[in-house]
1. Shape verdict for region B:1-117, please, from the Cα gyration tensor: rounded (a/c under 1.5), prolate (a/b greater than b/c) or oblate.
2. Sort region A:151-195 into rounded, prolate or oblate with this rule: let a ≥ b ≥ c be the square roots of the eigenvalues of the Cα gyration tensor; rounded if a/c is under 1.5, and if a/c is not under 1.5, prolate when a/b is larger than b/c, oblate otherwise.
3. Give me the log10 of I(q) over I(0) for chain A at q = 0.10, 0.16 Å⁻¹, as the Debye formula computes it from C-alpha points; what are the numbers?
4. Which distance in Å, rounded to a whole number, links the C-alpha centroids of region B:115-148 and region A:158-195?
5. For an R0 of 35 angstrom, estimate the FRET efficiency from the Cβ-Cβ distance between A:Asn47 and A:Arg114 and round to the nearest 0.05.
6. Testing the spin-label approximation: label points 7 Å from Cα along Cα→Cβ at A:Glu185 and B:Asp180. State their distance in nm.
7. Within straight cross-link reach of A:Lys181, meaning Cα distance under 25 Å, which lysines are found once same-chain residues fewer than 8 apart are removed?
8. Considering every residue in B:160-167, what mean count of other chain Cβ atoms within 10 Å of its Cβ is obtained?
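Every number here is computed from the coordinates shown, using simple stated rules; none is lab data. Fair warning: this is a prediction, and the values are worked out from it, not measured in the lab. Counting neighbours? That spans all protein chains shown, and the Cβs are built from the backbone with ideal geometry, glycine included.
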Amino acid sequence: MSDATASAPTASLSVSKPKRRFPIKGSVIVMTLYLVFLLLPIYWLLNMSLKTNTEILSEFTLFPNNLTFANYITILTDPTWYTGYINSMIYVVLNTTISLTVALPAAYAFSRYRFMGDNQLFFWLLTNRMAPPAVFALPFFQLYSSVGLFDTHIAVALAHCLFNVPLAVWILEGFMRGVPKEIDETAYIDGYSFGRFFVKIFMPLISSGIGVAAFFCFMFSWVELLLSRTLTSVDAKPIAAIMTRTQGAAGVDWGVLAAAGILTVLPGALVIYFVRNYIAKGFALGRV
Amino acid sequence: MNKTVNQKAWFLILPVLVLVAFSAVIPIMTVVNYSVQDTFGNNQFFWAGLEWFETMLHSERMWDALGRQLMFSAIILLIQVPLGVFVALNMPKSGFWSSFCLVMMSLPLLIPWNVVGTIWQIFGRVDIGLLGYTLDAMGIEYNYTQSPLAAWITIIVMDVWHWTSLVALLAFAGLKSIPDAYYQAAKIDQASRWAIFRYIELPKMMGVLMIAILLRFMDSFMIYTEPFVVTGGGPGNSTTLLSIDLVKMALGQFDLGPAAAFSLMYYLVILLISWVFYTVMTNMDKKEGK
């Protein structure tokens with residue numbers, strides 16, 4: 001690090017435009033290299049998903065020679081594949097809804113009031129966000145089996161609440177503390193009940209925060225594999241688990257596997273543009 | 001913001017409390033329960049006291065896994081933090097290209113973890129992967145399923161690929177919050193680029209960077225899916241990190257007692273780090289409040 005910055009020519013300070021503090025060329029090269037490093041593996045997956053298996057295994061090509069969408073068609077028509085996506089979607093949406101519903105009032109309480117054990121409680125929530133899923137895999141399996149929820153979408157949704165509820169509370173609290181308290185007080189003086197004030201006035205004010213929290217709940221539930229795989233067998237099996245099972249089989253269908261991978265990247269890629277300015281804030285639990 | 005004391009706020013917290021208690025406290029109590037009991041199967045348990053903890057503390061297997069885990073986390077931090085800061089310093093500050101970089105850099109963060117594993121599993125293969133093929137063509141021996149060194153390099157490069165953007169995005173958020181006046185003052189003082197970094201950017205970034213370091217440490221410390229997909233913990237045990245070992249023990253061999261004791265010790269470490277994290281966070285909030 002030190003070498004890299006030190007070697008950047010200091011002459012850049014005298015460039016006439018005051019805001020440009022770095023030599024343009026250097027930073028463009030760095031960013032280009034970094035983005036290529038990031039995108040190359042994704043490109044390779046995309047490339048493979050558009051090839052036939054014979055082409056993947058027989059020759060090494062940087063572009064698909066015989067462009068084919070057969071792999072995607074396989075996934076979108078074969079129930080063992082596409083139900084995986086449906087299952088994942090169901091529990092992810094369930095989880096996001098549950099997380100936000102319970103987190104909103106709690107975050108409001110943390111951001112506005114002081115009460116017995118508030119700091120301890122806030123800390124305890126954080127520890128659950130940090131808890132390793134590996135520790136919880138076995139007890140979750142037994143807990144949900146014993147209450148008859150094993151292999152249901154709601155089981156996975158509830159299990160993911162372990163880290164998503166704390167995450168949502170922390171993110172929402174970060175946004176809520178930015179809203180001046182005077183607004184609450186004025187509303188109460190105007191005769192709003194708490195419920196009406198919260199839904200009609202307060203929630204629109206932190207709508208971006210709710211969006212960011214929803215995005216992160218969605219994402220962390222979507223990318224998680226260990227718990228969702230442990231808690232499902234057939235009916236609620238997520239796409240991620242279906243993918244790992246395919247890898248265990250003797251002859252791996254690389255093309256289909258690549259296509260399945262690309263399709264799991266899509267949901268995130270589609271919405272990322274809208275939350276681009278909040279990514280850091282979301283990952284830092286609302287604290288940036 | 002000065003908060004008012006209101007004990008009724010507990011009612012607003014209640015749903016969260018019930019839900020998280022169900023999904024965190026009950027399982028943890030199950031783990032505690034197992035950690036102090038032994039079984040001969042048939043669901044017959046008897047009291048074992050702290051035996052399992054002693055076994056685990058003397059278990060070479062756990063210490064080895066912990067050693068590998070600490071080495072992994074250390075290497076990850078040593079690469080990702082400087083690289084992330086360096087990338088953040090080079091990011092365009094505003095306009096189209098800034099958004100473009102933000103979106104592109106976020107892409108790896110949004111990919112399901114097992115797909116990250118799959119991507120690198122394919123990418124590194126000598127027969128069909130770009131990386132493996134290129135290295136092979138250059139005459140470098142590289143086979144992550146057989147050589148422990150190659151396996152390690154693969155999972156480290158994979159993690160760098162996956163998470164460096166997070167450090168960069170956080171550092172970038174820190175950089176953006178520095179007022180222009182600071183840079184103008186530095187320019188008047190004829191400060192060098194290094195001095196600007198050392199005395200303006202780094203101190204101003206420190207808070208966010210602490211968060212980034214802690215997040216990266218936590219997440220790399222409990223990493224499971226990605227290395228599991230790529231190497232499955234092998235070759236041999238060379239990439240069996242803590243979580244992989246734990247899952248093997250608990251769900252693979254069903255060694256409930258040792259696995260539970262292992263889990264609890266693992267959890268305690270996480271608690272400790274969470275506490276550091278919390279302290280850093282609240283200190284930052286206090287500073288901002290001034």
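1. oblate
2. oblate
3. Each listed q maps to, in turn, -0.75, -1.22.
4. Using only Cα atoms, the two centres lie 48 Å from each other.
5. 0.05
6. It is 3.6 nm.
7. Cα-Cα hits under 25 Å: A:Lys200, A:Lys281, B:Lys3, B:Lys8, B:Lys286, B:Lys287, B:Lys290.
8. Going residue by residue through B:160-167 and averaging, the value is 3.
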